[in-house]
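The values are calculated or read from the model by the stated rules, or taken from the named source; none is laboratory data. Given the structure is predicted, the values throughout are model-derived calculations rather than measurements. Counting neighbours? That spans all protein chains shown, and the Cβs are built from the backbone with ideal geometry, glycine included.
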Amino acid sequence: MSKTIRVLHTEWSDGWGGQEIRIISEMIAVRETGIEVFLACRDHSIIKQKAQENNIEVFTLTFKGNADIKTLFNLIKIINDNGINIVNTHSGKDTWVGGIAAKLANAKFIRTRHLSNPINSSRLNFINELADYIFTTGEIVRLDMIRNNRISPDRIKSIPTGIDINIYNPIRYDRKKCRDYYNLQDEQVVIGTVGVLRKFKRHDRFLLMVRYVIDQNPGNNIHILIAGDGPQKDSLANMIDEMDLNRYISMLGHIDNVPELLQALDIFVFTSDSGEGVPQSVAQALLMETAVISTNVGGISDLYSNENFVLINNDEQDLLNLTCDKLLKDSLLRESYAKKSRKYVSENFSIVKMSEKIMKIYKDLI
C-alpha cells in the first residue's frame, strides 16, 4: 500500500448543484491534508469541468446504469492502475458499479448519501449494505438508513457539507457595493433564494409567498432575486408572467458570487419540500448573517440552534407567507435573527470540521 491515501470519487450526475459542489469542495479540502484525489464521471458533466479547473485528475466513463459492465471493468482498471485505496460513490447508478468495482479490486468502499428521500428497503437493494462506510449529509438521513436499510450504526456517520467560513463572512463584503451590483435601491427590502431550479425546490411556493407579501405591502419598495438554473427555468418564467410579478423579480441564472448576493439580501427564503441533506445555501445565508426562513425538511434542522432562523413545516404556505410578511415589515426582527445566525454554523459546519471528520474515517478504514 502506498504511503499516501488515494481516493477515487464517482459521480453519475451531469448537473451542478449542492451535491456536485460538495464533492468538489470535499476533494479540495482533503487534498490540502495530503490525500490524493481522483474523479470518475460522465464526459459531458459539469463536474468534470469543475474538477479540471481545480487540477483534479478526471476519468470519463459512461455510467449507463446499475449494471454497466463496461464501466465496472474500466473502474477496476482505474483502481488498480492508480493504487486507489478508497472509492467514494455519490449517486445511485455510480454507487452500484463503483461499489462493486471497489470490492472486486480490494479497495475500501464509501457511499455518500446526499439526499434525504427514502431509499428502497428491498433486500435486492443491497448495495449500501456492502459499503465499508457510509457518509450522510444530515443526521435524519443517517437515522433513516439505520432504521430502514439495515445499516449498522458503527459504520455510518453524518458529515454535513462544510462551508468556507472565511469566504462566507459578511465583514469581507461592502453591502452597498453588493446591492449596487444588482441595481438595488438603498430603501428596498430584498428577498432572495439560491438553488437549482428543480421541482422539489418548490419555487412555486416561493412565488406564491412573493405575490402575498407584495399584495400586503403595496406601498413598500420590494425586490426579489432568484439565483440558479435548471429544468424548471421556463416553467418559473411563465409562472412569474402569469402572476404579474415581472417588475418585482430578477431571475439571475447560475451565479458564482453567492456571498455578494447574500450580502445584498434582507431575507433569504428556502422552500424545498424533499431531497435535502443539510442545504449549503441555507448554511451560507446564515454565515452571511442574513435573516433566514426555511422549510423543515431533510437535515435543515441540524443548522438550527437558539432560534437562529425561522423553521416552518414544508406544507404550511400560509405560515410561510405570514412569516415573510412579518420579517419584511420589521427591520429590528430581521436584525435579531441576523445577529444569531452565524455563530452556531461557523462552529459546527466549517469546511475544516468536515475534512477533519472525513480524514479520521479514511485513516481508520486504511
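Below are the figures for this structure:
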| quantity | calculated |
| --- | --- |
| In segment 111-137, the residues that are among the aromatic types (Phe, Trp, Tyr) and in contact (Cβ under 8 Å) with a residue 12 or more places away in the chain | TYR133, PHE135 |
| Segment 110-133 - residue that is surrounded by 24 or more Cβ atoms within 10 Å (Cβ to Cβ) and among the hydrophobic types (A, V, I, L, M, F, W, C) and, of those, nearest to THR60 (Cα to Cα) | ILE110 |
| Residue in segment 344-363 that is touching a helix residue (DSSP H, G or I) at 6+ places or on another chain (Cβ under 7 Å), crowded, with 22+ Cβ neighbours inside 10 Å and part of a loop (DSSP other than H, G, I, E, B) present | yes |
| VAL297 modelled with pLDDT of 95 or more, among the aliphatic types (A, V, I, L, M) and not in a helix (DSSP H, G or I) | no |
| Filter result for the condition that a residue is among the acidic types (Asp, Glu), touching a helix residue (DSSP H, G or I) at 6+ places or on another chain (Cβ under 6 Å) and surrounded by 13 or more Cβ atoms within 10 Å (Cβ to Cβ), over ASP164, ASP229 | ASP164 |
| Residue count, segment 22-65 (criterion: loosely packed, with under 14 Cβ neighbours inside 10 Å and touching a residue at least 60 places away in the same chain (Cβ under 8 Å)) | 2 |
| Filter result for LYS177 (at negative phi and either surrounded by 14 or more Cβ atoms within 10 Å (Cβ to Cβ) or at pLDDT below 95 (or both)) | no |
| Qualifying residue in segment 244-251 (condition: of a type in the set (Phe, Trp, Tyr) and over 30 Å from ILE140 (Cα atoms)) | yes |
| Filter pass, ARG205 being over 12 Å from LYS329 (Cα atoms), under 23 Å from the mean Cα position of the chain (by Cα) and surrounded by fewer than 20 Cβ atoms within 10 Å (Cβ to Cβ) | no |
| Criterion violated by ARG6 - all others in (1) closer than 19 Å to ILE165 by Cα; (2) in contact (Cβ under 8 Å) with a residue 40 or more places away in the chain; (3) surrounded by fewer than 22 Cβ atoms within 10 Å (Cβ to Cβ); (4) charged (D, E, K, R) satisfied | (1) |
| Of all residues in segment 306-321 being part of a helix (DSSP H, G or I) and touching a residue at least 12 places away in the same chain (Cβ under 8 Å), the one that is farthest from ILE191 (Cα to Cα) | GLN317 |
| Total residues in segment 136-168, condition in contact with a strand residue (DSSP E or B) (Cβ under 7 Å, 6 or more places away or on another chain) and more than 20 Å from THR95 (Cα to Cα) | 4 |
| Complete set of residues in segment 66-95 that are more than 23 Å from SER25 (Cα to Cα) and either surrounded by fewer than 24 Cβ atoms within 10 Å (Cβ to Cβ) or not assigned by TED's automatic domain parsing to the domain that holds GLY15 (or both) | ASN66, ALA67, ASP68, ILE69, LYS70, LEU72, PHE73, ASN74, ILE76, LYS77, ASN80, ASP81 |
| Filter result for VAL190 (outside any loop (DSSP other than H, G, I, E, B) and within 17 Å of the chain's Cα centre (by Cα)) | no |
| Segment 332-343, subset more than 21 Å from the chain's Cα centre (by Cα) and of a type outside the set (S, T, N, Q), residue surrounded by the fewest Cβ atoms within 10 Å (Cβ to Cβ) | LEU332 |
| Odd one out for LYS70 among (1) part of a loop (DSSP other than H, G, I, E, B); (2) modelled with pLDDT of 95 or more; (3) out of contact with any strand residue (DSSP E or B) (no Cβ under 8 Å at 6 or more places or on another chain); (4) charged (D, E, K, R) | (1) |
| Which numbered condition LYS157 misses (of (1) in the same structural domain as ASN220 (by TED's automatic domain parsing); (2) closer than 26 Å to ASP302 by Cα; (3) surrounded by fewer than 18 Cβ atoms within 10 Å (Cβ to Cβ); (4) not acidic (Asp, Glu)) | (1) |
